[in-house]
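Working notes, structure below.
Here, each number is a calculation from the coordinates, and none is a lab measurement. As the structure is a prediction and not an experimental result, all values here were calculated from the model. A quick note on method: Cβ atoms are made from the backbone with ideal geometry, for glycine too, and the neighbour counts reach across all protein chains shown.
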Ligand SMILES: Cc1cc2nc3c(=O)[nH]c(=O)nc-3n(C[C@H](O)[C@H](O)[C@H](O)COP(=O)(O)O)c2cc1C
């Protein structure tokens, strides 16, 4: 079937397919209108334009619900999404009214909303608006920007992609050929622990907060980054608690940890007392076991470390002290 011709040599399907091969990041571009209403859309047309002056651009479809708001506003923000924000990308890629509902925003006095947890962000004054076919090209002069250690989300041929640790240059290729290590967090605040949920085909599934353990030059850095990415605040690992297999390709090192900052609860991330844990919503048996063991051990303040080796084995920790290498020289 022949599709609409854009030009004698270019049909629209071919053009879309060709553009789709361009690997991009994913951004959410936002603005605020005169009535203080926030607008935003997922956009991968973002690109850097000039270093001096600092200019970036993004193309907004004239058919987008937010088109008028972007044209009338004198500023906009670009949030470059991190690998954990595919749900945000999907939400902002549809014309819905509740895009900002339950969305954590960066807590700053910025002229346009910035999505919290993104890998980098820029707030711009609109520098030029250039009519460009069925889009308008917004050139923005960057007024303020910042970046975080979160790995970016990618997009190609209609699919969202996370960079492999190898592609990020964080581990040698040989390591990624084998199992991947994920950090799981048994985060304690008083008598509560943090759990996260995801929606799987309409069902809410709870688990321990987990994320890749692949960033950073040392284990300590990797744990800091992982904790911050997954929980949005700084944590201090107390001790290794469990080593479990999540799947044929992923092993999870679960750490007990104390919060160093205030943990912002959100619909996705909540703190639970033992009696409030949504047991029926936890699908992974090993996570249930870890939580039950944790609450039982917490009652006597004697903790074990579990290894998923053979039948599985557990050793008790009788005390913890700061490592003194000179004692062994
Ligand atoms: C990965 C991805 C990238 C997109 N990039 C753009 C873009 O650069 N410009 C654009 O106008 N729409 C883009 N879209 C489509 C808009 O996000 C979509 O039309 C959205 O519904 C617009 O929101 P609004 O109608 O509420 O303004 C993209 C969608 C996806 C999934």
Taking the simple approach of a point 7 Å from Cα along Cα-to-Cβ for both residue 97 and residue 63, what is their distance in nm? 2.3
Treating the angle as unsigned and between 0 and 90°, give the value, to the nearest 10°, between the Cα long axis of helix 285-300 and the longest Cα principal axis of the chain. 50
Pulled fully out, how much extra length does the chain show between residue 288 and residue 38, if you take 0.36 nm times their separation in residues and subtract their Cα-Cα distance? 86.0 nm
Relative to the longest principal axis of the C-alpha atoms of the chain, give the angle of the C-alpha long axis of helix 219-231, reported between 0 and 90° and rounded to the nearest 10°. 60
Sorted by Cβ density within 10 Å, fewest first, the residues 217, 90: 217, 90
Percent relative contact order for the chain, counting Cα pairs under 8 Å at least six residues apart, stands at 13
Considering the zone a paramagnetic label at residue 71 would reach in this model (a point 7 Å from Cα along the Cα-to-Cβ line), which residues of segment 121-147 have amide N under 19 Å from it? 126-140
Could you tell me, in Å, what Rg and Dmax come out for the Cα atoms of the chain? 23.3, 79
When only Cα pairs under 8 Å and 6 or more residues apart are kept, what is the percent relative contact order across segment 236-329? 24
Mean separation of Cα contacts under 8 Å, 6 or more apart, over the residue count of segment 85-137: relative contact order %: 19
Here the gain from full extension of residue 316 to residue 17, 0.36 nm per residue of separation minus their alpha-carbon distance, amounts to 101.9 nm
Going by average Cβ density within 10 Å per residue, which order do the peptides 69-82, 145-158 take, highest to lowest? 69-82, 145-158
Before rounding to the nearest 500, sum -39500 (n - 2.57) across all DSSP H runs of length at least 4 in the chain and divide by the residue total; then give [θ] at 222 nm in deg cm²/dmol. -4500 deg cm²/dmol
Gained length - residue 264 relative to residue 308, 0.36 nm times residue gap less alpha-carbon distance: 12.6 nm
I'd like the FRET efficiency for residue 162 and residue 189, computed as 1/(1 + (r/R0)^6) with the beta carbon distance as r and R0 of 41 Å, rounded to 0.05. 0.90
